[in-house]
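Notes follow once the structure below has been shown.
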């Protein structure tokens, strides 16, 4: 998932120059900062954290001893404590301010103040795990609560960030994908084609103030193969429904034919190489969204293969999950007619 860092390169530079400007404007003609730096260097151990070591290397040539203060004594304790992660930069400024209030400007003031910022502010902003957490963890979504945010690249190009879609209802669909090693779930192919057909004939997105997102737990190359195989999968369904010589089928064959006609009532087809992709198809190659929501499986419904459990989520325009359906087997899918009834209730605010 998308990384959320407190300090971007732009913000680091902005803070660097703003803080330097504040020191120049209001705290000129002072030099006790050098003594503070020497005090920290004397107290630190060689095995100190990387940004401590860098600071000491830059400040080790200071010539004036400083007097320990409560601010400097607590500085490194606070900088190492996750509980104080939000006050790290403030503590840096407090130490600088104290150090600059007592003495006269050094000849090397500009050089040393620059090295101090370089040694303290930049390593903290870039490497501190407290200031820059790796990413937001995705957890299973609960009906009636906000849907977790996520950002994923799309098959069509670019990326989609869920939180940027607020203002529209979202139909979030997780097809199964593979049903066996090297074999697609034909039901998913049919459901995709049916939704494309409904969008073409009824403009369902405009009708329900809706955005539709498809999520696959595969790489771009595998998703491309899925799209390319769509016409062949639809033809396979037609072959089940309309066998060449139905009168010659045995009982199992007749049952399969009737089941196919019931499960796939529409005769849908695409030309090879001309499969429409009107909805963003999201690439969850690392499975962080699928696994976070608890729907990724390596064994399910009788097959051992990387797949998603077929699932449908409906999120309202405020980002609240209003409906969740996770299949119990590969045939267990809500019809679009049923889902559109739910969407009507969502738009009326009756859920």
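The values are calculated or read from the model by the stated rules, or taken from the named source; none is laboratory data. As the structure is a prediction and not an experimental result, all values here were calculated from the model. No Cβ is skipped: glycine too gets one built from the backbone with ideal geometry, and neighbour counts run over all protein chains shown.
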Margin query: Looking at the structure I just gave you, is residue 218 closer than 18 Å to residue 327 by Cβ and modelled with pLDDT of 95 or more?
Written below: no
Next item on the list: Might you let me know whether the range 304-314 holds any residue that is assigned by TED's automatic domain parsing to the domain that holds residue 229 and in a loop (DSSP other than H, G, I, E, B)?
Entry: yes
Checklist line | Unique match (being within 26 Å of the chain's Cα centre (by Cα), outside any strand (DSSP E or B) and loosely packed, with under 13 Cβ neighbours inside 10 Å) among 255, 228, 221, 247 | finding: 221
Next item on the list: Just give me the residues in the range 167-185 being surrounded by 20 or more Cβ atoms within 10 Å (Cβ to Cβ) and outside any strand (DSSP E or B), in sequence order.
Entry: 175, 176, 177, 185
Next item on the list: Select, from 314, 320, the only residue that is under 25 Å from residue 150 (Cβ atoms) and touching a helix residue (DSSP H, G or I) at 6+ places or on another chain (Cβ under 8 Å).
Entry: 314
